[in-house]
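What follows is a short report on a single structure.
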Amino acid sequence: SVGMDRWIILLANRRMAPLQVMTLGHPATTQSPEVDALLVEQDMIGDPASYSEVPISMPEGSVRYLLPAAGARVTPLRNLPEDGVIRIAIPSVAQKLTAAFVRCLGEVQARAACPVEFVFFTGEAGVSHAAATHNLLRELKNATIHGALPYPDYIREINRCQIHACTFPFGGTNSLLDSLHQGLPLVAMEGTEVHARIDASFIRRAGLPKNLICHSEQEYVDCLLRL
(Lines give C-alpha, C1' and ligand atoms only; values in the text may rest on other atoms or scores of the structure.)
Protein backbone atom coordinates (compact mmCIF):
# COMPACT_ATOMS: atom_id res chain seq x y z
CA SER A 1 0.00 0.00 0.00
CA VAL A 2 1.28 3.51 -0.81
CA GLY A 3 0.48 6.25 1.74
CA MET A 4 -0.02 7.92 4.08
CA ASP A 5 3.59 8.67 5.14
CA ARG A 6 5.61 10.86 2.80
CA TRP A 7 8.60 8.50 2.77
CA ILE A 8 6.44 5.70 1.33
CA ILE A 9 5.28 8.02 -1.46
CA LEU A 10 8.90 8.93 -2.20
CA LEU A 11 9.92 5.26 -2.32
CA ALA A 12 7.06 4.54 -4.73
CA ASN A 13 8.86 6.79 -7.19
CA ARG A 14 12.04 4.73 -7.06
CA ARG A 15 12.76 1.51 -8.98
CA MET A 16 13.95 -0.97 -6.35
CA ALA A 17 12.77 -4.22 -7.98
CA PRO A 18 12.07 -5.47 -11.52
CA LEU A 19 8.36 -5.75 -10.68
CA GLN A 20 6.65 -3.41 -8.18
CA VAL A 21 3.07 -4.12 -7.14
CA MET A 22 0.75 -2.41 -4.68
CA THR A 23 -2.59 -2.95 -2.91
CA LEU A 24 -5.19 -0.41 -1.83
CA GLY A 25 -4.76 0.01 1.91
CA HIS A 26 -4.74 3.68 0.98
CA PRO A 27 -7.26 3.70 -1.87
CA ALA A 28 -5.63 5.71 -4.62
CA THR A 29 -3.54 5.26 -7.73
CA THR A 30 0.09 6.38 -7.31
CA GLN A 31 0.56 8.15 -10.67
CA SER A 32 4.09 6.76 -10.44
CA PRO A 33 5.77 5.18 -13.50
CA GLU A 34 7.72 2.95 -11.10
CA VAL A 35 4.66 1.07 -9.75
CA ASP A 36 3.74 -1.53 -12.35
CA ALA A 37 0.57 -3.21 -11.14
CA LEU A 38 -2.23 -2.97 -8.62
CA LEU A 39 -3.95 -5.90 -6.89
CA VAL A 40 -7.58 -4.80 -6.58
CA GLU A 41 -10.75 -6.71 -5.79
CA GLN A 42 -13.13 -6.88 -8.74
CA ASP A 43 -15.97 -4.85 -7.24
CA MET A 44 -13.63 -1.93 -6.52
CA ILE A 45 -11.98 -1.55 -9.92
CA GLY A 46 -14.30 1.05 -11.46
CA ASP A 47 -12.74 2.77 -14.46
CA PRO A 48 -9.43 1.03 -15.40
CA ALA A 49 -8.33 4.16 -17.25
CA SER A 50 -8.16 6.04 -13.94
CA TYR A 51 -5.08 4.06 -12.82
CA SER A 52 -1.46 4.66 -13.69
CA GLU A 53 -0.83 1.00 -12.76
CA VAL A 54 -2.17 -2.11 -14.52
CA PRO A 55 -5.13 -3.27 -12.35
CA ILE A 56 -5.14 -7.01 -11.64
CA SER A 57 -8.65 -8.16 -10.73
CA MET A 58 -8.96 -10.44 -7.69
CA PRO A 59 -11.99 -12.15 -6.07
CA GLU A 60 -13.76 -10.30 -3.27
CA GLY A 61 -12.14 -10.89 0.11
CA SER A 62 -8.65 -11.54 -1.31
CA VAL A 63 -7.08 -8.59 0.51
CA ARG A 64 -7.39 -8.79 4.28
CA TYR A 65 -7.58 -5.93 6.78
CA LEU A 66 -6.12 -6.52 10.25
CA LEU A 67 -7.07 -4.61 13.39
CA PRO A 68 -4.17 -3.05 15.34
CA ALA A 69 -2.80 -5.55 17.86
CA ALA A 70 -3.17 -3.05 20.71
CA GLY A 71 -6.39 -1.56 19.38
CA ALA A 72 -9.14 -0.73 21.86
CA ARG A 73 -12.37 -2.65 21.49
CA VAL A 74 -15.31 -0.87 23.04
CA THR A 75 -18.77 -2.39 23.40
CA PRO A 76 -21.00 -0.65 20.82
CA LEU A 77 -23.75 1.58 22.19
CA ARG A 78 -27.25 0.16 21.70
CA ASN A 79 -29.43 3.15 22.60
CA LEU A 80 -30.00 6.60 21.16
CA PRO A 81 -28.29 9.43 23.10
CA GLU A 82 -30.10 10.72 26.17
CA ASP A 83 -29.60 14.35 25.14
CA GLY A 84 -31.42 13.76 21.83
CA VAL A 85 -28.47 14.92 19.71
CA ILE A 86 -27.60 12.67 16.75
CA ARG A 87 -23.83 12.61 16.27
CA ILE A 88 -22.46 11.95 12.81
CA ALA A 89 -18.85 10.74 12.66
CA ILE A 90 -16.53 11.96 9.90
CA PRO A 91 -13.12 10.27 10.27
CA SER A 92 -11.09 11.97 7.55
CA VAL A 93 -7.96 13.98 7.01
CA ALA A 94 -8.80 17.60 6.24
CA GLN A 95 -7.81 17.31 2.56
CA LYS A 96 -10.83 15.08 1.89
CA LEU A 97 -13.34 17.61 3.27
CA THR A 98 -14.41 19.09 -0.05
CA ALA A 99 -16.69 22.09 -0.47
CA ALA A 100 -19.46 19.88 -1.91
CA PHE A 101 -19.25 17.48 1.03
CA VAL A 102 -19.36 20.24 3.65
CA ARG A 103 -22.23 21.93 1.78
CA CYS A 104 -24.24 18.69 2.08
CA LEU A 105 -23.56 18.56 5.82
CA GLY A 106 -24.80 22.12 6.19
CA GLU A 107 -28.06 21.24 4.45
CA VAL A 108 -28.51 18.22 6.70
CA GLN A 109 -28.02 20.36 9.78
CA ALA A 110 -30.49 22.96 8.52
CA ARG A 111 -33.24 20.47 7.62
CA ALA A 112 -32.89 17.81 10.34
CA ALA A 113 -35.87 17.24 12.61
CA CYS A 114 -33.58 16.83 15.63
CA PRO A 115 -30.30 18.41 16.78
CA VAL A 116 -27.31 17.15 14.77
CA GLU A 117 -23.64 17.39 15.73
CA PHE A 118 -20.88 16.57 13.25
CA VAL A 119 -17.85 14.96 14.89
CA PHE A 120 -14.71 15.26 12.77
CA PHE A 121 -11.60 13.17 13.30
CA THR A 122 -9.02 14.93 11.15
CA GLY A 123 -5.83 13.51 12.61
CA GLU A 124 -4.37 17.01 12.27
CA ALA A 125 -2.14 18.82 14.76
CA GLY A 126 -0.80 22.32 15.27
CA VAL A 127 -1.50 24.97 12.63
CA SER A 128 -3.22 22.56 10.23
CA HIS A 129 -5.67 21.51 12.98
CA ALA A 130 -6.38 25.16 13.81
CA ALA A 131 -7.05 25.91 10.14
CA ALA A 132 -9.38 22.92 9.74
CA THR A 133 -11.28 23.90 12.90
CA HIS A 134 -11.65 27.52 11.77
CA ASN A 135 -12.93 26.60 8.31
CA LEU A 136 -15.38 23.94 9.47
CA LEU A 137 -16.91 26.03 12.27
CA ARG A 138 -17.39 28.84 9.78
CA GLU A 139 -19.67 26.57 7.72
CA LEU A 140 -21.35 24.36 10.34
CA LYS A 141 -23.20 25.61 13.40
CA ASN A 142 -22.64 22.52 15.57
CA ALA A 143 -19.43 20.57 15.07
CA THR A 144 -16.62 19.07 17.13
CA ILE A 145 -13.24 18.82 15.43
CA HIS A 146 -10.82 16.36 17.00
CA GLY A 147 -7.16 16.56 16.13
CA ALA A 148 -4.74 13.65 16.41
CA LEU A 149 -5.99 11.14 19.01
CA PRO A 150 -4.49 7.94 20.41
CA TYR A 151 -6.29 5.01 18.78
CA PRO A 152 -8.16 3.88 21.96
CA ASP A 153 -9.47 7.42 22.54
CA TYR A 154 -10.50 7.68 18.89
CA ILE A 155 -12.53 4.45 19.14
CA ARG A 156 -14.27 5.66 22.31
CA GLU A 157 -15.26 8.90 20.58
CA ILE A 158 -16.48 7.01 17.50
CA ASN A 159 -18.59 4.92 19.87
CA ARG A 160 -20.49 8.07 20.94
CA CYS A 161 -21.70 8.61 17.36
CA GLN A 162 -24.68 7.04 15.58
CA ILE A 163 -23.84 7.43 11.85
CA HIS A 164 -20.66 7.53 9.74
CA ALA A 165 -20.80 10.05 6.86
CA CYS A 166 -18.27 9.00 4.19
CA THR A 167 -16.39 11.82 2.47
CA PHE A 168 -16.61 12.25 -1.28
CA PRO A 169 -15.24 12.02 -3.88
CA PHE A 170 -12.34 10.52 -1.86
CA GLY A 171 -13.64 8.01 0.66
CA GLY A 172 -11.98 6.04 3.43
CA THR A 173 -10.68 2.56 4.13
CA ASN A 174 -9.50 1.70 7.65
CA SER A 175 -11.87 4.23 9.22
CA LEU A 176 -14.79 2.34 7.68
CA LEU A 177 -13.80 -0.79 9.57
CA ASP A 178 -13.54 1.16 12.83
CA SER A 179 -17.08 2.50 12.47
CA LEU A 180 -18.57 -0.84 11.38
CA HIS A 181 -17.01 -2.56 14.41
CA GLN A 182 -18.82 -0.03 16.61
CA GLY A 183 -22.12 -0.63 14.83
CA LEU A 184 -22.32 2.64 12.87
CA PRO A 185 -24.02 2.51 9.44
CA LEU A 186 -22.08 4.13 6.59
CA VAL A 187 -23.57 6.61 4.12
CA ALA A 188 -21.48 6.70 0.95
CA MET A 189 -21.28 8.42 -2.42
CA GLU A 190 -20.24 5.99 -5.17
CA GLY A 191 -18.16 7.11 -8.15
CA THR A 192 -16.11 5.59 -10.96
CA GLU A 193 -12.57 5.87 -9.55
CA VAL A 194 -11.33 3.45 -6.91
CA HIS A 195 -11.09 6.08 -4.16
CA ALA A 196 -14.81 6.72 -4.71
CA ARG A 197 -15.84 3.05 -4.61
CA ILE A 198 -14.30 1.57 -1.45
CA ASP A 199 -17.05 2.87 0.88
CA ALA A 200 -19.89 1.48 -1.25
CA SER A 201 -18.07 -1.85 -1.51
CA PHE A 202 -17.83 -2.10 2.29
CA ILE A 203 -21.56 -1.36 2.61
CA ARG A 204 -22.38 -4.22 0.24
CA ARG A 205 -20.00 -6.64 1.95
CA ALA A 206 -21.40 -5.84 5.39
CA GLY A 207 -24.90 -6.61 4.13
CA LEU A 208 -26.16 -3.10 4.90
CA PRO A 209 -29.12 -1.68 2.93
CA LYS A 210 -28.22 -0.66 -0.63
CA ASN A 211 -30.00 2.69 -0.16
CA LEU A 212 -27.02 3.81 1.95
CA ILE A 213 -25.11 4.07 -1.36
CA CYS A 214 -25.79 7.40 -3.08
CA HIS A 215 -25.05 8.79 -6.54
CA SER A 216 -25.90 12.49 -6.19
CA GLU A 217 -25.52 15.19 -3.54
CA GLN A 218 -29.29 15.42 -3.02
CA GLU A 219 -29.53 11.65 -2.57
CA TYR A 220 -26.71 11.84 -0.03
CA VAL A 221 -28.45 14.59 1.98
CA ASP A 222 -31.78 12.76 1.88
CA CYS A 223 -30.17 9.52 3.07
CA LEU A 224 -28.59 11.20 6.11
CA LEU A 225 -31.87 12.94 6.93
CA ARG A 226 -33.77 9.66 6.64
CA LEU A 227 -31.43 8.01 9.14
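The values are calculated or read from the model by the stated rules, or taken from the named source; none is laboratory data. Predicted, not measured: the structure shown is a model, and the values here were computed from it. When we count neighbours, we look across all protein chains shown, and the Cβ atoms used for this are built from the backbone with ideal geometry, even at glycine. Keep in mind that these areas ignore ligands, DNA and RNA; they rest on the heavy atoms of the full protein, side chains included. Shrake-Rupley method; radii C 1.70, N 1.55, O 1.52, S 1.80 Å.
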Approximate shape of segment 139-191 as ellipsoid semi-axes (Cα gyration tensor, √5λ), whole Å, largest first: 18, 15, 11
Residue-wise HN-Hα coupling along segment 113-120, computed from phi with Karplus coefficients 6.51, -1.76, 1.60 (Hz; x: Gly, Pro): 7, 9, x, 10, 10, 8, 10, 8
Alpha-carbon centroid distance for the pair segment 73-107 / segment 126-153, whole angstrom: 12
Under 5 Å, built H, 5+ apart or other chain: amide partners of Cys214: Ala188, Met189, Glu190
Gain on full stretching of the segment that runs from Arg138 to Arg111 - 0.36 nm per residue minus C-alpha separation: 7.9 nm
Spin-label pair Val74/Leu149, simplified geometry with 7 Å Cα→Cβ offset, distance in nm: 0.6
Per residue solvent-accessible surface (Å²) - the chain, probe of 1.4 Å: 51
Residues with amide H under 5 Å from that of Ser92, placed H, sequence gap 5 or more: Phe121, Thr122
Given [x] 35; [y] 25; [z] 39, the label whose value is percent of Cα pairs over 30 Å apart derived from this model: [y]
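Restricting to DSSP H runs of at least four residues, report the calculated mean residue ellipticity at 222 nm for the chain, -39500 (n - 2.57) per run over all residues, nearest 500 deg cm²/dmol.
My calculation for the chain gives -8500 deg cm²/dmol from helical runs alone.
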Accessible surface of segment 75-204 [probe 1.4 Å, protein heavy atoms]: carbon and sulfur percent: 54
Convex hull per residue volume in Å³, alpha carbons only, for segment 185-226: 58
Cα→Cβ-extended label distance, 7 Å offset, between Thr192 and Ala49, nm: 0.7
Interchain or long-range residues, amide H under 5 Å from Ile145's placed H: Phe120
Kirkwood Rh, angstrom, segment 102-225 [1 / mean 1/r, Cα pairs]: 15.1
